[in-house]
1. Among Leu111, Leu45, rank each residue by its count of other Cβ atoms within 10 Å, from fewest to most, as a rough exposure measure.
2. Mind sorting Ser109, Ser114, Ser179 by how few other Cβ atoms lie within 10 Å of their own Cβ, fewest first?
3. Quick one: what does P(r) look like for the stretch 88-188 with 10 Å bins over all Cα pairs, in whole %?
4. Taking the Cβ of each residue in Lys159, Lys56, Lys164 as the centre, tally the other Cβ atoms inside 10 Å and list the residues starting with the fewest.
5. Distance between the C-alpha centers of the stretch 129-190 and the stretch 27-55? Whole Å please.
Amino acid sequence: MLPTTKNLVLLLLGMSCSISLCLGDDTVVPQGLDPTPFGDEFPSLDGWATGQWWTKPSAQGEESLQSPAGNKKKRRRPPVPFQINIPRDEVIAFAIYTVTVPPGTPTASTLKLSAQLFPLKPGESNQVRLEVDRGTGWTEIGKATINYPGWDASFRIPKWDATKSVPYRVRHGEHAEFSGVIRPDPATKS
């Protein structure tokens, strides 16, 4: 099925909203987040984490969406699967990575790491930092802008040495952090 012109325009509009947040000079989440980043035709798409999400009942967790006792009406939406209005020092949900190793040259690999964040509030930084510890302390090796409405960020680090195990951490602001270890490529073991 080919997309209609209207759907294509809405898709491009949504992409331009994400791009405009990413490419702006501002390093903080703006006050006026688009409440319908996917267009007026899809106002409920990802409604838990778009617009002024922190003012919605969904931000308070599943219990706030339960019907009052004795109310037999069905909910209009399913319950929120998890809490999204979390402490601000825990806004990084997880990170996941891949390492592309060219044949015969594991020290010329490429690290690709994506970080998923919980929704951010206006005034918070819209950037995350990637740091590694190669034995001499933490060193920042990359910064990435957080995309709206997905609340994700991606890093691409060329010339990665896939023969070594390297601790990493993704940081947001002063206190939020997600850490792990980038493992060596198993094919490089002797």
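Computed from the coordinates by the stated procedures, all read-outs in this text should not be read as laboratory data. What you see is a predicted model; the values in this text were computed from it and never measured. A quick note on method: Cβ atoms are made from the backbone with ideal geometry, for glycine too, and the neighbour counts reach across all protein chains shown.
1. On the way: Leu111 23, Leu45 13.
Ordered from fewest to most neighbouring Cβ atoms within 10 Å, Leu111, Leu45 come out as Leu45, Leu111.
2. Ser179, Ser114, Ser109
3. 16, 48, 27, 9, 1
4. Values: Lys159 9, Lys56 18, Lys164 15.
Ascending number of Cβ neighbours within 10 Å: Lys159, Lys164, Lys56.
5. 29
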